[in-house]
Structure formats: C-alpha cells, structure tokens
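These notes are about the structure you will find just below.
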Amino acid sequence: YQRRVHGEVFVVTSVLGTSMSLVPTYAPPQFVPYGQPAYGLPPTEFPVYQNIPPAGIPQGFPGSGGEVKLYQCPHSVDCLAVAALLGDAGIPYEAMNLQGGPDKHPDFRRINPAGKLPAVTYRGKMIAEPMTILRWVANNFGLTNLYPQEANARAKIDMVLDWRQSTLFPAIMQMAFPFLGWHPNAKEAVAGEVKFKEAMQYFLQYFVTPGGFVGGPTPSIADYAVGVALQYADVVPGLKLSRDVEAYRENFERHSPTLRIVSESLAEHIRQRRKSKSP
C-alpha cells in the first residue's frame, strides 16, 4: 500500500456497518473503469479488509457481496437509504466503507470525480447522487412497486425526492448536524427544528396516504429517502416529534427490516453524542 498525507490509504469492505472482527487480505483495488482517472491520480494498491458477518446473519445476506458496490459512510443517512433499499429488495451488494468520509480517501475520486458519497458501481458504470441512486436501483432491478412506471404516480415520487433535497434535508442539517459534531455552529439549530417540523407537516399532509406511505400502503423509494433521514432526529436534545411523524417513522421501520442492521453504527454514534450533552 501507499502512504499519503492523511496516512495509510485503505478501503474497508463492510457487510453491515457494525463493529466486527476483521480478516486482512491484500489485493489490488477493484476499481470499475469509468472514463479517465480524475486529477491524474496514479494507480495504487490498498490493503482490503473483509468483514466476518456476526453470528445469526446468513452468509448470503445482502451486503455480503455482489456486482453492486456501494461506497458509503455508515453515519450518512443518504448512504443508509441506499443500503436499506438494496437490503430490503434482496439485491446482493458489497458495502465499501470510507471511514472518516471521502476526504480521507483521495483515491476515491477515481470512482467518483466529485468525491461525494454515496456512489455505486455496477458493470463498468458509476452512479452518484443519493436520489439518483435510489431511482437507478428501482429502474435497474425492476422495482416497479417502489417506483411505478405510470407517469403521475412516478411524478409524485419524484416531487418528494426533489423536495427532500431542497427543503427537508437542509432543515435536518441545520437542526441536527451541530449535535452530531459535524458543524460548529449550534445557534441556528432551533430555527432548523422549526423548519423541520413545518416540512414534515407539509409532507404528511400532501404526499402520504393515511396510515401508509407516498402513493400507497407500502414504501416507495421516496419513503426510503425521507424515512431513513429521520434517524438524525434522535440526536437533537428535547426534540419531540408529532404523533403523525412518529407513526410514519415507526411504520416505515416496520417495513424496512434492513434499516436497523445497516444503521447500527450511526445509532451508536448518536448514543455517544447524546451522552456528551453538547454540540
């Protein structure tokens, strides 16, 4: 392997994003060719670590391998939404954890020149941007129950995906990131909480069917985008979600058995931050 400014460069192959025993094996990186390497980065080799699944998790569990490679940070709800969708749909994939984020792994730009997570590689192609990846998973693997082909039903889901990025997630960032330790300014967290509550009220009133989800009784890809993002609300001290938001979240989590597994690393991070009682 090579040493760089940030220390040892490596990629961690993670099955479930939890703390497990690691078995080191040394191999060249399995980069999928997609255009030219960005920024003239030279070829390199990484020590690749393969996780041993914990007891009780079958070897064939989604996340243990497959043509789909998901480059992720296990504390990112954007990444976890993709992981939960893949797992719930039974699509085998390999989760590549970039511990510390993509900035700590400069060679990741050979995968995604923008240097952003999540990113997916599949059969020689790279797909980036979280909402695009959710759409791609549904389109590529024929998940028409989560992303219907009918124009009006699909437009409703697309509206929610775009609104999630333009309105809901900026409010969540403002509200929760100071308490997650990712932003130094906690003064605007209260304003972010107000925006978050207003956004969720709008979402539930105009897009969610009573007792269900966007467009019906079962989750769509838009519900993965919104439902998983609600994980960040747990870190905000004193935040009380409305009964409707709590019911929606609980309903989504019942329909996504994979979410609890792939989000355990984030849940532990939130527990530690709440213990610190300071942003």
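Summary table below
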item: Qualifying lysines (Cα of each under 28 Å from Cα of Lys69; at least 8 residues distant if same chain); result: Lys104, Lys116, Lys125
item: Over region 106-191, relative contact order from alpha-carbon pairs under 8 Å, at least 6 apart, %; result: 13
item: Scaled radius of gyration (Cα, divided by 2.2 N^0.38 Å) that region 151-279 gives; result: 1.05
item: Å³ per residue enclosed by the Cα convex hull of region 120-194; result: 117
item: Over region 65-110: Kirkwood hydrodynamic radius from C-alpha pairwise inverse distances, Å; result: 11.1
item: Point-to-point label distance, Glu268-Arg123, nm (Cα→Cβ direction, 7 Å offset); result: 3.6
item: Sequence-distant lysines (8 or more away, or on other chains) whose Cα lies within less than 23 Å of Lys195; result: Lys156, Lys187, Lys240, Lys277
item: Spacing of the two label points (7 Å from each Cα toward its C-beta) at Thr218 and Ala191, in nm; result: 4.3
item: Total formal charge among the other residues, if their Cβ is under 14 angstrom from that of Gly227, Lys/Arg +1 and Asp/Glu -1; result: -4
item: Heavy-atom accessible area order for Ser242, Ser263, largest first, 1.4 Å probe; result: Ser242, Ser263
item: Two-site FRET efficiency, Phe141 against Ala114, from Cβ-Cβ distance with R₀ of 22 Å, rounded to 0.05; result: 0.35
item: Computed lengthening from Arg260 to Gln149, 0.36 nm per intervening residue step minus Cα-Cα distance; result: 37.0 nm
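The values are calculated or read from the model by the stated rules, or taken from the named source; none is laboratory data. In this text the structure is predicted, and so the values were computed from the model without any measurement. So basically every Cβ, Gly included, is an ideal-geometry build from the backbone, and we count neighbours across all protein chains shown. Protein only, heavy atoms only, side chains kept; ligands, DNA and RNA dropped before computing areas. Shrake-Rupley method; radii C 1.70, N 1.55, O 1.52, S 1.80 Å.
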